[in-house]
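Written out below as C-alpha cells is the structure these notes cover.
Each reported figure results from applying straightforward, stated rules to the coordinates on display, with no laboratory input. This structure is a prediction, so every number in the text was calculated from the model and none was measured. Note that each Cβ is placed from the backbone with ideal geometry, even for glycine, and that neighbours are counted across all protein chains shown.
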Amino acid sequence: MKIRTARDIGILIKEARTRRGLSQAALAKMINTTQTWVSWIENGKPSAEIGNVLLALTTLGVELDFQIPPAPTSAADHHHNADERHVDDDDDEIPYKL
C-alpha cells in the first residue's frame, strides 16, 4: 500500500487493527493512549505525533519499507539548498523496516 496522506495511514492502521480482531479501545490500551486518539488517527488526523503513529503501526505488526528515489540526473537538478543533507550515490535505496 502506498502511503501519501494521513488518511492513508489511518486506513492502514484500521485494517491492521481489525485483522488482529482488536477494538480501538484495545489498541489504545496496548499503546498507552485513548480510544479517541485511535479514532482520530483512523480518520486521518493530519497533526498526529509521528512517534505515536509509529508505535501503533509496530504494535500492530505493520512493517514499513521506505524507498529513497534515485538521485536527479540533469545538472540543473543537482542544485541543492545549503541546508539539505546529501546522501552518497550508493545509498539511493535504503529500506527501513520497523
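Couple of notes before you dig in:
- Separation of the ARG7 and SER23 label points, Cα + 7 Å toward Cβ, nm: 2.8
- Overall, the range 1-40 carries a charge dipole of about 100 debye about its Cα centre when +1 sits on the Cβ of Lys and Arg and -1 on the Cβ of Asp and Glu, all other atoms neutral.
- Here the extension length gained between GLU15 and LEU64 equals 16.2 nm, from 0.36 nm per residue of separation less the Cα-Cα distance.
- Restricting the calculation to Cα atoms, the range 6-59 shows an Rg/Rh of 0.90 when the hydrodynamic-style radius is the Kirkwood one.
- Within-15-Å neighbourhood charge of ALA28 [Cβ basis; K, R +1; D, E -1]: +3
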